[in-house]
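Presented below is the structure to which this report refers.
What follows draws every value from the coordinates through simple rules; no lab data is involved. The model shown is predicted, which means the values in this text are computed figures rather than measured ones. Counting neighbours? That spans all protein chains shown, and the Cβs are built from the backbone with ideal geometry, glycine included.
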Amino acid sequence: LIISTYKNPLALAGIFRVLETSSVLPRELLIAEDGMCEETNSLIKKVSQIKTSHFRHEDNGFRKSKILNCALRDCSGKYIIFLDGDCLPHKHFIKDHLI
């Protein structure tokens, strides 16, 4: 699961809460942060149940695609799910993709 985010740690925390109670956990979680928000960085360090990688770069305008590509290069899965950092998935979100 690759989640893109931009200076919205509150929404990202909501996604993490949903993922913690999901029917199926993602095998890996990659956060693609377009910018460098310290609150987001601290939040990501607290995620413990899922193998998490954090990709970020300086906030030099809209470069979401660039940071998504960085995260994508590091994926080990054969099936990749993308989620915007301000969208709350339902508890079967991952499971529904695996069916």
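From the list 4, 53, 23, which residue is in a strand (DSSP E or B), among the polar types (S, T, N, Q) and under 15 Å from residue 89 (Cβ atoms)? Give the steps one after another, and end with the answer.
Numbers: 53 fails: under 15 Å from residue 89 (Cβ atoms); 23 fails: in a strand (DSSP E or B).
Among 4, 53, 23, only 4 is in a strand (DSSP E or B), among the polar types (S, T, N, Q) and under 15 Å from residue 89 (Cβ atoms).
Residues to consider are 12, 30, 68; find the one that is under 13 Å from the mean Cα position of the chain (by Cα), assigned to a strand (DSSP E or B) and not basic (Lys, Arg). Spell out how you get there, then give the answer.
On the way: 12 fails: assigned to a strand (DSSP E or B); 68 fails: assigned to a strand (DSSP E or B).
Selected residue: 30, the only one of 12, 30, 68 that is under 13 Å from the mean Cα position of the chain (by Cα), assigned to a strand (DSSP E or B) and not basic (Lys, Arg).
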Practice item. Enumerate the pairs (first residue in segment 79-98 and in contact (Cβ under 8 Å) with a residue 12 or more places away in the chain and under 20 Å from residue 54 (Cα atoms); second residue anywhere and hydroxyl-bearing (Ser, Thr, Tyr) and outside any loop (DSSP other than H, G, I, E, B)) with beta-carbon separation below 6 Å, excluding pairs fewer than 6 apart on the same chain, so at least 6 apart or on different chains. Key: 84/4; 85/4; 85/5
Practice item. Could you figure out which of (1) surrounded by fewer than 18 Cβ atoms within 10 Å (Cβ to Cβ); (2) within 13 Å of residue 5 (Cβ to Cβ); (3) acidic (Asp, Glu) isn't true of residue 33? Key: (1)
Check your understanding: of a type in the set (Lys, Arg), loosely packed, with under 12 Cβ neighbours inside 10 Å and more than 11 Å from residue 4 (Cα to Cα), is that true of residue 45?
Key -> yes
Review point. Are any residues in segment 1-29 under 16 Å from residue 77 (Cβ atoms) and hydrophobic (A, V, I, L, M, F, W, C), and if so, which ones?
Key: 1, 2, 3, 19, 24, 25, 29
